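The structure appears right after this line, and notes come after that.
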Amino acid sequence: MKITEALEIEHELLRNMIEVMSQWLTESVATDKLRERAVMLQVAIDDHAVREEEQVFVPLAACSNTAHELVNLMEMVHVEVRDLFDQVANPARDPKEQLWTILMLTTEHFTKEETGVFPMAEKLLGAEFLEIHNT
Ligand SMILES: [Fe+2]
Ligand SMILES: [Fe+2]
């Protein structure tokens, strides 16, 4: 399996978590419970984002100026999502608005990666480079 395929499968798993979080938000789960559960989503999203940055963004950005610009846009979203999760963790404020923004931003971002970044990575880096070697 290629790393881009593995990342797409992770998107599917994360979309399920996002769906459940949006249900909790509409069901008005208590604020402190939302904050606790948001940490689990944060860990899962960040684990994915770090793997994506190391294994796709770094090599792809070195391929061309266009690829570099696209990677920069994607990384900006990773940074923004990390910042929003930091705000969610702040007990002095209501986390709901930031959580809705995270869910919306992340959903849009996954689609952009699947339709733009991953196909570009497969074209420029090649299947052999992206293949996951279990050694
Ligand atoms: Fe990403
Ligand atoms: Fe991703």
(request) Output the relative contact order of the chain, whole-number percent, from Cα pairs under 8 angstrom with separation of 6+ residues. (result) 36 percent
(request) Taking the Cα centre of the chain as origin, sum charge times position over the Cβ atoms of Lys and Arg (+1) and Asp and Glu (-1), and report the length of that vector in debye to the nearest 20. (result) 280 debye
(request) In Å³ and rounded to a whole number, note down the convex hull volume per residue for the Cα atoms of the chain. (result) 102 Å³
(request) Would you kindly state how much longer the chain becomes between Thr115 and Ala127 on full extension, computed as 0.36 nm times their sequence separation minus their alpha carbon distance, in nm to one decimal? (result) 2.6 nm
(request) Could you check the simple spin-label distance between Gln23 and Val58, using points 7 Å along Cα→Cβ, in nm with one decimal? (result) 3.8 nm
(request) Give the calculated FRET efficiency between Trp100 and Glu8 to the nearest 0.05, with a Förster radius of 22 Å applied to their Cβ-Cβ distance. (result) 0.35
(request) With everything on Cα atoms, drop me the angle between helix 96-112 and the longest principal axis of the chain, reported from 0 to 90° to the nearest 10. (result) 20 degrees
(request) Give the Rg/Rh ratio for segment 1-51, taking Rg as the radius of gyration of the Cα atoms and Rh as the Kirkwood radius, to two decimals. (result) 1.08
(request) Name the most mobile residue of Ala62, Ala44, Ala92, meaning the one with the largest mean-square fluctuation, in a Gaussian network model of the chain with Cα contacts below 10 Å. (result) Ala92
(message) Positive end of the dipole of segment 3-130, charges at C-beta (+1 Lys, Arg; -1 Asp, Glu), about the Cα centre: which of Pro95, Leu125, Met40 has its Cα farthest in that direction?
(response) Pro95
(message) Straight-line reach from Lys2: which lysines fall under 29 Å, measuring Cα to Cα and dropping same-chain residues less than 8 apart?
(response) Lys112, Lys123
(request) Restrict the search to segment 78-116; then list the trypsin sites (Lys or Arg not before Pro) that DSSP places in a loop and that have at most 14 other Cβ atoms within 10 Å of their Cβ. (result) Arg93
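None of the figures in this text is laboratory data; all of them are computed from the coordinates on show. Just so it is clear, the model here is predicted, and its values are computed rather than measured. Glycine also receives a Cβ, built like all others from the backbone with ideal geometry; neighbour counts cover every protein chain displayed.
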